[in-house]
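Everything on this sheet refers to the single structure shown next.
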Amino acid sequence: MQFKKDTPLYSYEVQRKGGEDILYVNYLGAPFVPNLADSPEIMDKTMGVLIENQNVSRIVFVQQKNYNYDFNETSFLLEIAQLYAHFVKQDRILSPEKLVTNCEQFFSQRYNELMSFLFLLRRDPIAAYNELRKIIIEARIFYERVGQECQTDQSNYIRLLERIFELLEKAKMIQVVLPYLETYQRGDREIYHRIFKPDIIPNFTFTRLVSDLPEDSEIMDQYKISNNEYDESLVTILRKKNDPKLFYHLVPPENSLSEDYNSLLNLARGVLIEHQPKAEEFTDTERTRQVFFNVAKDLIRDLAHTKGMNLSFSDTNKLATILVRHTIGFGVLEVLLQDKKLQDVVLNAPISMTNIFLRHQDFDECITNILPSQEDVDSWAAKFRMISGRPLDEANPILDTQLGIGNIRARIAIIQRPLSPDGLAYAIRRHREEPWTLPLFVENKMINPFAAGLMSFLIDGARTLLVAGTRSSGKTSLLGSLMLEIIPNKRIIVIEDSLELPVESLRKLDYDILRMKVRSALLKTTTEVSADDGIRTSLRLGDSCLIMGEVRSVEAKALYEAMRVGALANVVAGTIHGASPYGVFDRVVNDLEVPATSFKATDIIAVANPIKSPDGLHSWRRLVQISEVRKHWRKDPLEENGFVDLLKYNVEKDELEPTDDLINGDSEIIKNVAANVKGWAGNWDAVYDNILLRAKMKKEVVDVAKKSKNEKILEAKFNTLANHMFHKISEEIIQEIGLPLSERVFPLWQRWLNKESKKKKI
């Protein structure tokens, strides 16, 4: 965007580009560099524009260079601008009827106080927040002094101030800076540099929910789920008499609205539904949804005004959220996916006649009170086609894609006629919002600390590794946790046909990571590159760790080519279906036609399988076996003792145990790792000590998290930091004594952990 030379200073233009509205403000000729953080005048002018243009998702100050404020930064300002407009236009907080009731002598002072607050709100929202708190304190003190005849009047004024304060305090900008307000002084704009950091670039339903709880049932659990404070739903888990499945009862906010609000939403939906979303609007779904959310709020306010209804700020946001969900969104599916305890959601054909089923983290498989309509499922399918850019029709009756809404991520599999003769059917796998880590798996008992230590050691040792298991055994989640054990100075290339591995999370942690999306094995014709071509291409992209989402088809040959080429250089890992090491061999060699000699490039096979309870009603995900693949066999590794277990699951103790082969040092793979490390070659005790050290660290993280009640230290960000400190401390000890002995490394690392775990913000 370029303004002409004669364009007035501070003039602006909003342009629609790539599915977003961008605000360009002219600062050509200004004797200063425009900066929101430094200048209250610039913030005031920008806020004024946003008050009139609430669909803006990006701000660009145009000068000799462009200063670009991204969607997140813009949303901070936009929320304050919306609050300002609400206070002035909807709440009319400066009106006499709002400020006084019977003591008119106070009007002038109160008017000046709130006028000063509103003036500050546009220029310096943080100062305005502090100023409002001061006004409230003074108003409470004055309440004690005022005559009895004016106490009710003063009390009403205090309640008005408190309502304003409550709305302002919830704003994202205020929430971000709250930890820093203890040392904040009015007028100090340094605090805004924590929020605004511009990029400097060159200047160029119809779904039905059964509301009644089932008869003859007992409540097993009840909790609330939400995406924000305006969008809270109630979940009740019940056990019905003589029914092996538990009942998942959902009450979303749209199902508890008043008749007036229902009528308002119906009118608004009728207006918005006329807009037919274009494919380009789904290139950035989050921004598109924000734009529609703002449009929805304006529409709801206008319709409410026409009907003589007075909507609060919260109710307006609540109704707009629901309206977006049931127009450009995915209706009740979005509500379900807000539940972090859900793992799978299944919609069986014929969908309009079948309740949704789901798999729950605590209660396994459940039936729900939700009956989707055909109109909704057809609409969802059309949107998923646009998101994926892939066909879904009779010639292509299978669609694999992803759904992302805020922090929610899910894998979507859809089938239709003729493969599904009864019509559309969906299978949805909800991903954890943050990646799984080895400490999280230890806490959840999928692995024990020793297994975590061994896996960490093998990843550092640049082994080739396959995570095997049945469906829904946690293979992909475990592979994702192993990616976090890769030292961040290593480059990682990830190859997937369905985007399930936590690439975005690792990227945010500053990993050098590249994702390649390849053609699904289920698709015959598409513009996407095949998986085997993707793997071969990865070998030309430099020295990298190679992570394969899932080995499904002919790409297995290319993967083993990569394993052979990359052996002893970097980690090569992937997932594969198989219930045992020999099951993996059988699938790779006999089904996928990889030569048996090439299979020897596999170093480690880790097998994850569900463990069932004796009554068959419950199951738990467990890593049940870690085996190494020896290289001496010729035809059949099972008959020629080519598989050697390092860890084996003990069903009575419910944990993995090291085998005698591992304890006694009879592991060729681990010895090969040691052979390349100074001080470890021929020193099994030192190698085993390092595995135990890593295990001890993973256990310590879990123990400290429980003791300190700080679950954040189990998550990916802290896991990466803890691994970095382990390597750093180990390096220091090696320089001092030659080996990273546990007795020297662990106390230093433990001291660091205890200090870090006490910090408020991790």
Estimated FRET transfer efficiency when R0 is 30 angstrom, pair HIS727-GLU434 (beta carbons, to 0.05)
0.85
Roll a 1.4 Å probe over the protein heavy atoms and report the accessible area of GLU711 in Å², nearest 10.
130 Å²
For segment 475-499 and segment 310-370, compute the distance between their C-alpha centroids and round to whole Å.
30 Å
Quick one: divide the alpha-carbon radius of gyration of the chain by 2.2 N^0.38 Å and tell me what you get.
1.09
Report the rotationally averaged projected area of segment 40-101 based on its alpha-carbon convex hull, in square nanometres.
5.0 nm²
Please calculate how many Å² of accessible area the chain carries per residue, with a 1.4 Å probe and no DNA, RNA or ligand atoms counted.
46 Å²
At q = 0.16, 0.17, 0.27 Å⁻¹, base-10 log of I(q)/I(0) for segment 1-80 (Debye sum, equal scatterers on each alpha carbon)
-0.54, -0.61, -1.56
Given a 1.4 Å probe and every protein chain left where it sits, what share in percent of the accessible area of the chain is carbon and sulfur?
48 percent
What Kirkwood hydrodynamic radius, in Å, does segment 1-134 give when the mean of 1/r is taken over all pairs of distinct Cα atoms and then inverted?
16.3 Å
May I ask for the net charge around LYS245, where only other residues with Cβ less than 13 Å from the Cβ of LYS245 are counted and Lys, Arg are +1 while Asp, Glu are -1?
+1
Neighbour net charge for HIS431 - beta-carbon separation under 9 angstrom, K R +1, D E -1:
+3
Express the C-alpha Rg of segment 62-182 as a ratio against the empirical globular expectation 2.2 N^0.38 Å, rounded to two decimals.
1.23
In Å, the Kirkwood hydrodynamic radius from C-alpha pairs for segment 584-731 sits at 18.2 Å
Singleton cysteines, the chain, no second Cys beta-carbon under 4.7 Å -> CYS366, CYS545
Does segment 302-440 come out rounded, prolate or oblate, given a ≥ b ≥ c as the square roots of the eigenvalues of its C-alpha gyration tensor, rounded meaning a/c under 1.5 and, failing that, prolate meaning a/b above b/c?
oblate
Computed curve, segment 424-519, Cα-only Debye sum without solvent term, log₁₀ I(q)/I(0) at 0.11, 0.14, 0.16, 0.25 Å⁻¹, is -0.34, -0.56, -0.73, -1.63
Restricting things to alpha carbons, tell me how big segment 568-638 is in terms of Rg and Dmax, in Å.
14.5, 47
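The values are calculated or read from the model by the stated rules, or taken from the named source; none is laboratory data. Predicted model, so just to flag it, every value in this text is computed and none were measured. Ideal geometry is used to build each Cβ from the backbone, glycine not excepted, and the neighbour counts take in all protein chains shown. Calculation scope for accessible area: heavy atoms of the full protein, side chains included, ligands and nucleic acids excluded. Shrake-Rupley method; radii C 1.70, N 1.55, O 1.52, S 1.80 Å.
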